[in-house]
1. Which of the numbered conditions does residue 58 fail, given that it passes all the others? Conditions: (1) open to solvent by 40 Å² or more (accessible area, probe 1.4 Å); (2) away from the ligand (no atom under 16 Å from the Cβ); (3) at pLDDT 95 or above; (4) more than 30 Å from residue 212 (Cα to Cα).
2. Restricted to segment 127-157, and to residues that are within 10 Å of residue 175 (Cβ to Cβ) and part of a strand (DSSP E or B), which residue is farthest from the ligand (Cβ to nearest atom)?
3. From (1) within 16 Å of the ligand (Cβ to nearest atom); (2) within 28 Å of residue 100 (Cβ to Cβ), pick out the condition that doesn't hold for residue 38.
4. Going through segment 75-94 one residue at a time, which ones are assigned to a helix (DSSP H, G or I), under 14 Å from residue 163 (Cα atoms) and open to solvent by 10 Å² or more (accessible area, probe 1.4 Å)?
Amino acid sequence: MAVVNGNDKNGHSDSCLISEHQLFSAFYDLEVFRLGEFYLKSGQMTPIYIDLRRVISAPRILRLAARALCDIIEERELQFDYIVGVPYAALPLATLVSDILDVPMLMKRKEAKSYGTKKLIEGVYSAGGTVLLVEDVVTTGDSIRETAEAIRKEGLLVADSVAVLDRQQGAVQNLQQDKIQFLSCLTMEKILNGLISKGQMNEQRKKEIIEHLAKPF
Ligand SMILES: O=P(O)(O)OC[C@H]1O[C@H](OP(=O)(O)OP(=O)(O)O)[C@H](O)[C@@H]1O
């Protein structure tokens, strides 16, 4: 993402887009990045785990991440009528993006309830409207795909998705197959570079991690 201090493309002189460095540093201080042996939703072992759920306990950092998402949305001039967070971790982010941009939010449940309205998609909407999907960390993109499928079944449209972090394990290509553009604020490569600058690893370890994450699973 572009780092801009001063005038933005709309000529707002007081604008200050969130930089990748700013975002990385805030997450680093919050101990979002963990090195070790962890398992992902996909079942794959990962030597680096990114726990963005921690941001809900740091409101300023949560807002920073939401503003970074808004920067991408505005920079790329994404068009949409509703915002949906991929459950559960992205729900607080989606709520803030909805508030900052003043665009209505809908909520997709992981499972439909067996009582009440039994709806899978909550909120007020009209078929034909376009939904922007918001994610926290993306690995394969499967969670975005599942959410998009449920939303499309309701007669809503999905063209774009945005995430705070892309682990760069195939999501861009996978989502293209479902005709969903995927954009992110930070990538695994940028995070590994940041961890090198913090003395947490060297170039060789970065190379090993990237090779490990690129293996089929
Ligand atoms: O791109 P993918 O391969 O789908 O992986 C990314 C998803 O995994 C995590 O959610 P998780 O399933 O752990 O659920 P949670 O959000 O409820 O914690 C994360 O918050 C994303 O939604």
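The values are calculated or read from the model by the stated rules, or taken from the named source; none is laboratory data. Only a predicted model underlies this, so the values are computations on that prediction, with no experimental measurement involved. Counting neighbours? That spans all protein chains shown, and the Cβs are built from the backbone with ideal geometry, glycine included. SASA here: full protein model, heavy atoms, side chains in, ligands and nucleic acids out. Shrake-Rupley method; radii C 1.70, N 1.55, O 1.52, S 1.80 Å.
1. (1)
2. Residues of segment 127-157 that are within 10 Å of residue 175 (Cβ to Cβ), as a first pass: 133, 138, 140-142, 144-145, 148.
Among the residues that remain, those that are also part of a strand (DSSP E or B) are: 133, 138.
Working: 133: 10, 138: 4 Å.
Across segment 127-157, the extreme among qualifying residues is 133.
3. Unmet for residue 38, out of (1) within 16 Å of the ligand (Cβ to nearest atom); (2) within 28 Å of residue 100 (Cβ to Cβ): (2).
4. Taking segment 75-94 as the starting set, the residues that turn out to be assigned to a helix (DSSP H, G or I) are 75, 91-94.
Now restrict to residues that are under 14 Å from residue 163 (Cα atoms): 91-94.
Correct list: 91, 92.
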